[in-house]
Amino acid sequence: MSYGITADNPAFEQGMRVLKFVANASTLSSTDITNALDLASRALDATATVQAKLSSAASQIEQAQSRESDYQSYAQTLASDLTGVDVAAVTAQLSAYQAQLTASYSAIAKIQSLNLASYLK
C-alpha cells in the first residue's frame, strides 16, 4: 500500500529550514523572528496535512489487516470443515440419496408408461 509521504515532503523541508535558520543565526532581529515564526507556522500547517494523510493511510491499512484476518479465519474454518468430514457418514448418506433417486426414476418410468387405454380394456 502506498501512503504517499516521503522525507522530501515540503512540510519537513520547511521545518528543517526554520531550525537551521535559528541555529545558524548569532543574533535575531524582530524581522528575522517574524519570518521564522511565519515559516514555522506554514511548516506546522503542512505537517498537520501530512499527518492527516498518514492517518488516512493507517486507517486503510488497519481495514486491510482486519479483512485479511477475517479471510484467514474463514480459510482455517473451511479447511477444518473439509478435513474433519466423517467419510463413513457421508458414504451412507450418499447411498441413501442414490436409492431415493433410483426409486424416483422408477416411479417416473412407471407413470410415463400408464395411459388411459390400459384402464379401458
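The values are calculated or read from the model by the stated rules, or taken from the named source; none is laboratory data. These numbers were taken from a predicted model, which means no experiment stands behind them. Heads up, the Cβs are rebuilt from the backbone with ideal geometry, glycines too, and the neighbour counts pull from every protein chain shown.
Do we have Ala117 as modelled with pLDDT under 90, touching a Phe, Trp or Tyr at 6+ places or on another chain (Cβ under 8 Å), assigned to a helix (DSSP H, G or I) and among the aliphatic types (A, V, I, L, M) here? For Ala117, the condition - modelled with pLDDT under 90, touching a Phe, Trp or Tyr at 6+ places or on another chain (Cβ under 8 Å), assigned to a helix (DSSP H, G or I) and among the aliphatic types (A, V, I, L, M) - is not met. Just a yes or no: is a residue in region 52-66 within 30 Å of Thr6 (Cα to Cα) and among the charged types (D, E, K, R)? Checked against the condition, which is being within 30 Å of Thr6 (Cα to Cα) and among the charged types (D, E, K, R), region 52-66 yields at least one hit.
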